[in-house]
1. Answer yes or no: is there a residue in segment 127-142 that is surrounded by 15 or more Cβ atoms within 10 Å (Cβ to Cβ) and modelled with pLDDT of 95 or more.
2. Yes or no: Gln53 under 30 Å from Lys21 (Cβ atoms), more than 16 Å from the chain's Cα centre (by Cα) and in a helix (DSSP H, G or I)?
3. So, in segment 97-110, of the ones that are in a helix (DSSP H, G or I) and out of contact with any Leu (no Cβ under 7 Å at 6 or more places or on another chain), which residue ends up surrounded by the fewest Cβ atoms within 10 Å (Cβ to Cβ)?
4. Could you list, ordered by first residue, the pairs with Cβ atoms under 6 Å in which the first is in segment 87-108 and closer than 21 Å to Ser49 by Cα and in contact (Cβ under 8 Å) with a residue 40 or more places away in the chain and the second is open to solvent by 30 Å² or more (accessible area, probe 1.4 Å) and not β-branched (Val, Ile, Thr), at least 6 apart or interchain?
5. Residue pairs, Cβ under 7 Å, 6 or more apart or interchain, first in segment 38-54 and farther than 17 Å from Arg180 by Cα, second among the charged types (D, E, K, R) and open to solvent by 40 Å² or more (accessible area, probe 1.4 Å). List them.
6. Can you work out which of the residues in segment 26-81 that are within 30 Å of Gln98 (Cα to Cα) and hydroxyl-bearing (Ser, Thr, Tyr) is least open to solvent (accessible area, probe 1.4 Å)?
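The values are calculated or read from the model by the stated rules, or taken from the named source; none is laboratory data. Model, not experiment: these values are computed from the prediction. No Cβ is skipped: glycine too gets one built from the backbone with ideal geometry, and neighbour counts run over all protein chains shown. Protein only, heavy atoms only, side chains kept; ligands, DNA and RNA dropped before computing areas. Shrake-Rupley method; radii C 1.70, N 1.55, O 1.52, S 1.80 Å.
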Amino acid sequence: MPRTLDGQITMEKTPSYFVTKEAPSRVCTMNCQAKLIVVVRDPVTRAVSDYTQTLSKNPGLPSFQNLALKNSSTGLIDTTWSAVRIGLYAKHLENWLQHFPLSHFLFVSGERLVSDPAGEMGRVQDFLGLKRVVSDKHFYFNQTKGFPCLKKPEGSSRPRCLGKSKGRPHPQIPSEVLQRLRDFYRPFNHRFYQMSGQDFGWD
């Protein structure tokens, strides 16, 4: 990480930190006072989105249900598949709480980031001790992508939107497979709500 002067905040992001077993101890070795922002979304939607992104790079991928279920007759979920495993937020948070207190975390709702980006960004700014600068006037909804985008900053030729890999239409997944996943995640989601002190309303 670069040197950070008084009055500066240095940020770094990667989706893999939260789910990597060794990450909490390594981050704490660097700085146990770090503030941690975790964006979470409905783990079923997240798994389908993960699959959609992988499918775009690898069109020969087996079907979602073949990867998500150990076998279709028992309906057992395959937790060795990363698209499923990543959504076990309670398990990942347990690992982090061995190194950081809950007060160092802000959990941002991926759903509210889409429906109310300024509201979620307000929470982020408060958590970081920043003046609320980012507001509704900084966003517009991109109908094509189905996501909010940042309006064009001064001196820039175009607005900032999520990349090409975001906002792809999801493939049709059998509803019974999605229901099995919802049932599978429910106890983990409730545990995560208890641990984080936030009900994300995913079921």
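1. Taking every residue of segment 127-142 in turn, at least one turns out to be surrounded by 15 or more Cβ atoms within 10 Å (Cβ to Cβ) and modelled with pLDDT of 95 or more.
2. no
3. That would be Ser103.
4. Going by the 6 Å Cβ cut-off, the qualifying pairs are Gly87/Arg46; Leu88/Phe188; Ala90/Phe188; Ala90/Arg191; Phe107/Gln198.
5. Correct list of pairs: Arg41/Glu111; Thr52/Arg168.
6. Checking each candidate, the answer is Ser49.
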